[in-house]
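The values are calculated or read from the model by the stated rules, or taken from the named source; none is laboratory data. Since the model is a prediction, treat every value here as computed from it, not as a measurement. Cβ atoms come from the backbone with ideal geometry, glycine included; neighbour counts cover every protein chain shown. Surface areas here come from the heavy atoms of the whole protein model, side chains and all, with no ligands, DNA or RNA. Shrake-Rupley method; radii C 1.70, N 1.55, O 1.52, S 1.80 Å.
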Amino acid sequence: MSRPHILTVAKLAPLFAEQLHAAYEVHDRLHETDPVAFAKVAPLIRGIAGSGESKVPRALMDQLPALEVVSIMGVGYDGVDVSVAVERSIPVTHTPGVLNDEVADLAIGLMLSIARRIPQADQYVRAGRWGKEGPMPLTRKVSGARLGIVGLGRIGQAIARRAEAFSMSIAYTGRKAQPGVAYAYYPTATALAEQVDFLIVITPGGAGTHHLINSDVLKALGPEGYLINVARGSVVDEDALVDALRKRAIAGAALDVFAREPHPSESLWGMDNVVLTPHIASATRQTRQAMAELAAANLHAHFAGQPLVSPVPEWQ
């Protein structure tokens, strides 16, 4: 039997790409690099493989009459036009669960980094300033502080469990209160921000959360508050954030995601009250291996006529 043809829509992690090449005929971003060649193979494409940042719009799916499945290596899939997939009965899968710990770990690490100014302290020593200028200015205590979590899903709950070890009081917001959760619930991000010292954003991206963290939320967070974003860059109004940081309307921000990746606003680069990381929340060998295996397992299951391992909620 001929091997199914798969179109990749991103530069895939080697761990995922290796598994695809072993089982399928892979066309690596051919729709972007060679439209003529793509037009010839488009009728053969039965699957799409991508990352959490991949774009799979209606226009692309309309060119693939034989498309049967979309497998995303990532928990986020807001770049996939799921409504079109549902119309055409094309299942969409992602890789939740296996990256909860890594993202939660980084969220806590970023919170500690911005509050205690760990990267700035490293540079202070490397630049020889400690010996010349003496001790750095005092920083902000984390243990016992008030934490707000925007989005109390699987990762949000993993963050909360870690924060409990720091004796933090925890509150959250989301589309609705979570049953069986003892943490205080606030109906809006603004209401939550008014009550906390640290605001960690871990809500899905997409139109429903676009610029959810805006100037009103930042104003409510206040000059002693810190923002940590490990969700999607689109969730935060980056221009409003830059303005708030410049004016010291908030104390600082730690960001792993940005509005325009991989080109974050240059306004952030020179600020001393920010910590910036290049979208590395799930970037450990162990977790990326698990993500790649799950993304490949979804494709294998589909083409074997077996139940999908981790379809997106719209398919459950």
| task | Estimate the FRET efficiency between residue 44 and residue 146 by the formula 1/(1 + (r/R0)^6), using the beta-carbon distance for r and 41 Å for R0, to the nearest 0.05. | result | 0.15
| field | Cross-link pairs beyond the 26 Å C-alpha cut-off, checked among 11/176; 176/247; 141/247; 141/219 | value | 11/176; 176/247
| query | So which chymotrypsin sites (Phe, Trp or Tyr not before Pro) in the range 220-305 are both in a DSSP loop and have at most 12 other Cβ atoms within 10 Å of their Cβ? | reply | 269
| message | Quick check: pseudo-label points 7 Å beyond the Cα along Cα→Cβ at residue 126 and residue 66, how many nm apart are they? | response | 5.1
| For the chain, which whole percent of the accessible surface, found with a 1.4 angstrom probe, sits on carbon and sulfur atoms? | 53
| query | Mean residue ellipticity at 222 nm from the helices of the chain, using -39,500 (n - 2.57) per DSSP H segment of n ≥ 4 over the full residue count, to the nearest 500 deg cm²/dmol? | reply | -10000 deg cm²/dmol
| field | Förster radius 35 Å - calculated FRET efficiency between residue 265 and residue 285, Cβ distance, rounded to 0.05 | value | 0.70
| remark: Between the modelled labels at residue 314 and residue 29 (7 Å from Cα along Cα→Cβ) the distance in nm is 2.4
| task | Could you please state, rounded to a whole Å, how far the C-alpha centre of the range 281-303 is from the C-alpha centre of the range 191-210? | result | 28
| query | Counting only complete DSSP H runs, which helices of the chain cover 20 Å or more along their long axis at the Cα atoms and score a mean Kyte-Doolittle of 0.0 or above? | reply | 100-116
| request: Net charge near residue 183: determine it from the other residues with C-beta under 12 Å of the C-beta of residue 183, scoring Lys and Arg +1 and Asp and Glu -1. | output: +1
| query | Hey, with R₀ at 51 Å, roughly what FRET efficiency would residue 133 and residue 177 work out to, going by the Cβ-Cβ distance, to 0.05? | reply | 0.55
| request: Return the Cα extents of the chain along principal axes one, two and three, sorted largest first, each rounded to a whole Å. | output: 70, 48, 32
| field | Per residue solvent-accessible surface (Å²) - the chain, probe of 1.4 Å | value | 49
